[in-house]
Amino acid sequence: MRTVGDAGMSIDDQVTRTAAQFGPEFDPTVLTLAMTLYRTMAVFDRAHAAELAPHDINLVQFNVISVLNRAATPMTMGDLAQAVSVRPGNLTSVVDGLVKRGLVERELNPNDRRSFLVRVSRAGEKFLAAFLPGHWRYLDGLAGGLSARQRGQLTTLLNRLAQSVQDAEARTAAAADGEAPLVAAGAGPA
């Protein structure tokens, strides 16, 4: 039962309680990792939202403009959705809003009339040119508690975690389809 004051429990306290509830088979490192990752992303998202709020833009919109700005050619909505890790159906309203603000442009794909190509507009490029130098300093400040080496290590570990999640999703999908489980390179038996 939850008592007054439990809302401020540390991750370690919560994991200890869960481990006591589920016994010796429970691996507390998985829950600690998940909770730490969620809390870190929440703090990071709040910091980004605060930085972007004066520009009346949210993190997904900023990611869309940034990805399009780095792209060598206009992107399909499907490719853009994958690049910013957003479901294609959710991306449509984001792109609609950016088109209305003049930050991106959308046109019919001449190679596939059923799809659209999206590119950053001149106004989007101008916004990024003014915003990004301060943004890089802001990000550096957010990660200021980590050395360059630690930043690299964390990036490597997060990429491994992302791959692990994708591999697990593929195994789950394969099992649901009745296929043999997939084993990722370097992974143990599924």
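To the nearest 20 debye, what charge dipole does region 33-124 have about its Cα centre, counting +1 at the Cβ of each Lys and Arg and -1 at the Cβ of each Asp and Glu?
In debye, rounded to 20, region 33-124 gives about 60.
What list do you get for V60, V120, V84 if you sort them by fewest beta carbons within 10 Å?
V60, V84, V120
Could you tell me which label, among (1) 65; (2) 55; (3) 48, carries the value of percent of Cα pairs over 22 Å apart calculated for this structure?
Evaluating percent of Cα pairs over 22 Å apart on these atoms matches (1).
Quick one: angle between helix 122-142 and the longest Cα principal axis of the chain, in degrees between 0 and 90, rounded to 10, please.
Approximately 30 degrees, to the nearest ten.
If the only charges are +1 at each Lys and Arg Cβ and -1 at each Asp and Glu Cβ, what is the size of the charge dipole of the chain around the Cα centre, to the nearest 20 debye? Present the calculation step by step, with values, prior to reporting the outcome.
On the way: 19 positive and 19 negative charges, 137 e Å.
In total the dipole reaches around 660 debye.
Okay, helix-only estimate at 222 nm for the chain: each DSSP H run of n ≥ 4 adds -39500 (n - 2.57), divide by all residues, round to 500 deg cm²/dmol; what do you get?
Dividing the helical sum by the residues of the chain leaves -21000 deg cm²/dmol.
When only Cα pairs under 8 Å and 6 or more residues apart are kept, what is the percent relative contact order across region 56-121?
36 percent
Roughly how tilted is helix 11-22, in degrees to the nearest 10 and between 0 and 90, from the longest Cα axis of the chain?
Approximately 50 degrees, to the nearest ten.
For region 4-66 and region 80-111, compute the distance between their C-alpha centroids and round to whole Å.
Rounded to whole Å, the Cα centres lie 28 Å apart.
Under a point-charge model restricted to the Cβ atoms of Lys and Arg (+1) and Asp and Glu (-1), what is the dipole moment magnitude of region 99-142 relative to its Cα centre, in debye to the nearest 20?
Using Cβ point charges on Lys, Arg, Asp and Glu, region 99-142 gives about 200 debye.
Angle check, please: helix 148-176 long axis (alpha carbons) against the longest principal axis of the chain (alpha carbons), in degrees 0 to 90, nearest 10.
Helix 148-176 and the main axis of the chain meet at about 80 degrees.
Every number here is computed from the coordinates shown, using simple stated rules; none is lab data. Note that this is a predicted model, so its numbers are computed, not measured. Reconstructed Cβ throughout: ideal geometry from the backbone, glycine too, with neighbour counts over all protein chains shown.
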